[in-house]
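I am attaching a structure below and will ask some questions about it afterwards.
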Amino acid sequence: LGVDAFFVISGYLMTAIVLSRLSEGRFNLLGFYKSRFLRIVPALVVLCLLLGVLGWFLIFPFDYAYLAKNINHALAFKSNVSFSHGTGYFETGAKTKWLLHTWSLSVEMQFYLIYPLLLLALYKLFGLRGVQIAIAAGLMASLGSYLWHMQAGDVNEAFYLLPNRAWQLLAGAAVVAFPVFNVGSGKGDGSSSILRLVGI
């Protein structure tokens, strides 16, 4: 649940940052990527180095080779894809995977690499209306994919992969793209209060 909430908040923040800067004509794509890189990569590298050293002394060679593969996937931000082919997140075998939690970082970074490019292109070509339509369509398509995979029994794919998690990030994005805080005339019609209560 913490990751679910985090994805929604992350989608909200990224969309707010990108759209506000686009509307002001000061969005810098390389600057955006640099800020995301500096926020995530240094701490991840330190963690992986520390686990590599500890693992050398604490685990068997076969397990160490598996850890090394997981470190590689974590640093390449593809651990979610790797883990989607293995044990489920909540199964017993998952406890031996020291970097299992990096799946969510991989989803986040994959989103950060693709999303601002799409926002930039859509905003330049179609303006805010194009962005709104794309966010709504993307949210519905991703949610549909998630539900389809869950129904088909592909639980790991539904849990780990960006196409099936993007709807959560785009739910946060929708709050920015479709603001409701100014709904209502301010003359006591109550629509703003009702919308806030529905949101809660």
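May I ask you to derive the relative contact order of the chain, considering only C-alpha pairs under 8 Å and at least 6 residues apart, and to give it as an integer percent?
30 percent
Sticking with this one: With a probe of 1.4 Å, find how much accessible area region 9-86 has per residue, and write the answer as a whole number in Å². Please list the in-between numbers first.
Details: 4720 Å² over 78 residues.
Per residue, region 9-86 has an accessible area of 60 Å².
Find out how many positive minus negative residues lie around Asn28, taking Lys and Arg as positive, Asp and Glu as negative, among other residues whose Cβ is under 10 Å from that of Asn28.
Once all neighbours under 10 Å are counted, the net charge is +3.
What's the longest uninterrupted piece of the chain once you rule out the chymotrypsin sites (Phe, Trp or Tyr not before Pro) that are loop residues per DSSP with at most 12 other Cβ within 10 Å?
The longest uninterrupted stretch comes out as 91-180.
For region 110-174 and region 59-108, what is the centre-to-centre distance using only Cα atoms, to the nearest Å?
24 Å
Okay, next question. Would you mind counting up the charge near Arg165? Only other residues with Cβ under 11 Å from its Cβ, with Lys and Arg at +1 and Asp and Glu at -1.
That sum, taken over residues with Cβ under 11 Å, equals -3.
Given Lys34/Lys95; Lys78/Lys124; Lys34/Lys78, which pairs have Cα atoms separated by over 25 Å?
From the list (Lys34/Lys95; Lys78/Lys124; Lys34/Lys78), the Cα-Cα distance tops 25 Å for Lys34/Lys95; Lys78/Lys124.
Ignoring everything except DSSP H segments at least 4 long, calculate the 222 nm mean residue ellipticity for the chain; use -39,500 (n - 2.57) per segment, divide by total residues, nearest 500.
Helices in the chain give a 222 nm mean residue ellipticity of -26500 deg cm²/dmol.
Follow-up question, since we're still on this one. Rounded, prolate or oblate for region 99-144? Axes are the square roots of the Cα gyration tensor eigenvalues, ordered a ≥ b ≥ c, and the cut-off for rounded is a/c under 1.5.
Details: a/c = 5.07, a/b = 1.84, b/c = 2.76.
In terms of gyration-tensor shape, oblate.
Starting from the Cα gyration tensor of region 1-116, take the square roots of the eigenvalues, sort them a ≥ b ≥ c, and report rounded, prolate or oblate (rounded when a/c is under 1.5, otherwise prolate if a/b is larger than b/c, else oblate).
In terms of gyration-tensor shape, prolate.
Using a 10 Å Cβ count of at most 11 others and DSSP loop calls, identify the longest part of the chain lacking such trypsin sites (Lys or Arg not before Pro).
Result for the longest clean stretch: 27-186.
Pop out the carbon and sulfur fraction of the accessible area of region 1-136 as a percent, whole number, probe 1.4 Å.
Of the solvent-accessible surface of region 1-136, carbon and sulfur hold 71 percent.
The values are calculated or read from the model by the stated rules, or taken from the named source; none is laboratory data. Computed from a prediction, not measured in an experiment: that's the story for all the values here. For neighbour counting, all protein chains shown are included, and Cβ atoms are generated from backbone atoms with ideal geometry for every residue, glycine included. The accessibility values were calculated without ligands, DNA or RNA, using every heavy atom of the protein model including side chains. Shrake-Rupley method; radii C 1.70, N 1.55, O 1.52, S 1.80 Å.
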